[in-house]
Amino acid sequence: MDDAYPAPTIFGALWRYRWISLAIVAAAVLISLLVPLVAGDGRSAQARIVLKAPDQTGVLGIEMASESSFLRYVKQRALFVTSDEVLDGARARLGGEETVLQLRAAITADASSSGESIEINVDGPGLERSVLIANAVIAAYQERSRAEVVAATDKALETLNAQRAAIVSEAGGRPQSSPVGSAAGSTLSDLDKQITRIRVVASQFADGVSFVDVASPAGTSPWRGILRDLAVGTAVGLMLASALAWFRADRDHRVRDADDLTRVVDEPVLGEIETLPAQAMLALRKPGVPPLRSYQLVASGLRSTVGRGVVLVTGPSGGEGATTTTMQIASAAARDGLQVLVVDAAIRSRDLSQMLGLADWPGLTSIATGDASLAQSAHPVHLGNGVGFSVVPAGHGQPYSREQLRSGLLQQVIAEMRSRYDLVLVDLPTLISQPETTSLISASDGVVVTVRRDGDLGSLRRLREQLQLFGGTITGYVLTFAGAAPAGRAAESPAPQPSR
C-alpha cells in the first residue's frame, strides 16, 4: 500500500458517480437543444441571393474594375434589400400585414464572408411567417433589380438611338463613297454594335441574380441541427461530468467496492459479505445458524492462505463486522471438521462474550493473570449434529495489568492454543481502543482485516501501519456490507446454550 490514495481513472470515476454523471450529460444535452429556441433560431428564417458579376465594360452603368469593386457592389446590393422600394414590394406580396418599418426591423441583409452573395435573415413572429417574409423579400428584390436593369438599358439605348438619328440626319443621304458618308457609316456601325452589346448584356444580366437559396420550413426547422446540438451537448456534458466525477473521486477516500480495496492493498480480498436486514444480521451472531456462503468462501480462502495457526480478526474502526466475521468463519471451519478455538480479546467491551452468554466466565484475563488455565477457560459451543467449537471469553473483569497481557505466560498459552487447535480465531478490537492487546499481533500467524463498504481509506492505512509496526502479517481482507442480500437467507434459529 505504497500509495494510499491512488489517482482515480476517468472511466472509474464516471462509473462510481454514474447517476449524477448521467444527469449532468442529460442537462447539457437539454440546454444545447433549448438554447437555439430561446435565442430565436426557432422563429428565424435564412435565405441567400447569389449575385452575377456585372459586365466589366460597364455598359449597364456598373463599374467593375477589380475584386474589391465587386465586393463593394455586393454590399450596396445588400443595402438595397432593405430599401423602401424592395420592402414595399415585399409588403404587397405579403398582403400588407406588416408595415415597412416592421419589415425593416425583422430583416437583416449582409454580404457573405466570401463576398459573392447576400445573406438574408428574418426574425419574424413565427417560423412560417419568417419564411414567407424572406421569400417575399427575395422576389421583390429580383423584381426591383430587373426593373433597374430595364430602366438602365432603356436609358442607354435611348441615348445611342438619339446619337444614331443625329448622325443619319447630318449625313443627309450622302453616298457612302464620300468622306462624310464613309465617316457616318463607320460611326453608325459602332453605334449599332453598342446597341446590340447592351441588349445582349441586359438579357444575360436580367435581375443580376445567379441563383437563390430560398427559405423553407424544412430547411429552417428548430430541430434542423438536432444531431449537431445533441453531439455538442453530449460532448460538453461528458467533459463536465468527467471533470466533476474525477474531482470527487480523487477526494473521496472511501472503499466503495472490492475493486477499490484491491487497488490500494497488496493482499487478497478473501470475500465480499452482502448487506442483510437487521433481523438477519442478528441471526448471524447465533452459532446455530449456518454460515453464509460468502463467509464459507472466506473460511476456505483463509485455510488455503494460512493453513492452520492463530489468526486475528480486526478492523480499522468499530462497526466493521469483525465479531460477526469471527463467529461466521469459526462456524464454517468447524462444520468443515476443523478443531476451532475462538478467543474474545475485546476485554473491555466483551461483545463476543456477551453474545454467547460468557461475559462473567473465566477467560483471557484469567489466563493472563494466572488464575485459570487454557483448559479451564475454554468453553464449548455446540452447533448441532455433534459439531462445535470452543470459546475463550474475555474474562469476568478481574483486575489485570498491561504487563500481564504481554507476559511470557500468555505467550505460552498462545503456543498451546496453536498446538491443540487447527484454527484459533482471535476477535481483536481496534488497536486505538485497546492498545494493551497489541502483544497478540506478533504472536499471530496472520491477520484478517474487515473493511466496511464506504469505510475510510485513511483509517485502513493507519491500521496497516500499526500492524506492521507490531510485527503482524495481513492475510487478507473481508469487505462487509458490500451490497444487497440475496434472496433465500436461512431462517433464524435459536441460539444454543454454551456448556462448561
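Extension gain for ASP336 to GLN354 (0.36 nm times residue separation, less C-alpha to C-alpha distance): 3.9 nm. A Cβ-based charge dipole, computed about the Cα centre of the chain with Lys and Arg at +1 and Asp and Glu at -1, lands at about 720 debye.
When each of ARG254, ARG335 is scored by the number of other beta-carbon atoms lying within 10 Å, the sequence from fewest to most is ARG254, ARG335. Rounded to the nearest 0.05, what FRET efficiency do GLU143 and MET239 give with R0 = 56 Å and r taken as the Cβ-Cβ distance? Could you check? That gives a FRET efficiency of 0.65. If contacts are Cα pairs under 8 angstrom and at least 6 residues apart, what is the relative contact order of the chain in percent? In percent, rounded to a whole number, it is 19.
Only DSSP H runs of four or more residues enter the estimate; each adds -39500 (n - 2.57), and after division by the residues of the chain the mean residue ellipticity at 222 nm equals -16000 deg cm²/dmol. The length gained by stretching the chain between THR108 and LEU469 to full extension, at 0.36 nm per residue less their Cα-Cα distance, is 122.1 nm. Suppose the chain between SER304 and VAL150 were pulled fully straight at 0.36 nm per residue; how much longer would it get relative to their current alpha carbon spacing? Taking SER304 through VAL150 to full extension adds about 45.2 nm, to one decimal.
Each of THR9 and LEU30 was given a label point 7 Å from its Cα along the Cα-to-Cβ line. The distance between the two points is 3.1 nm. Each residue in LEU191, LEU230 was given a count of other beta-carbon atoms within 10 angstrom of its own, and listing them fewest first yields LEU230, LEU191. Each label point was placed 7 Å from the Cα along the Cα-to-Cβ direction; for ARG197 and ARG420 their separation is 12.8 nm.
For the chain, a/c is not less than 1.5, where a ≥ b ≥ c are the root eigenvalues of the C-alpha gyration tensor, and a/b tops b/c. That puts it in the prolate class. Put in order of Cβ neighbour count within 10 Å, fewest first, the listed residues ASP260, ASP344 become ASP260, ASP344. Its residues counted as N, segment 258-480 yields a C-alpha radius of gyration over 2.2 N^0.38 Å of 0.94.
If r is the Cβ-Cβ distance from SER216 to THR262 and R0 is 60 Å, what FRET efficiency results, to the nearest 0.05? Efficiency, from the Cβ-Cβ distance: 0.50.
Each value in this text was obtained by applying a stated rule to the coordinates, not by laboratory testing. Fair warning: this is a prediction, and the values are worked out from it, not measured in the lab. Backbone-built Cβ (ideal geometry, glycine too); neighbour counts: all protein chains shown.
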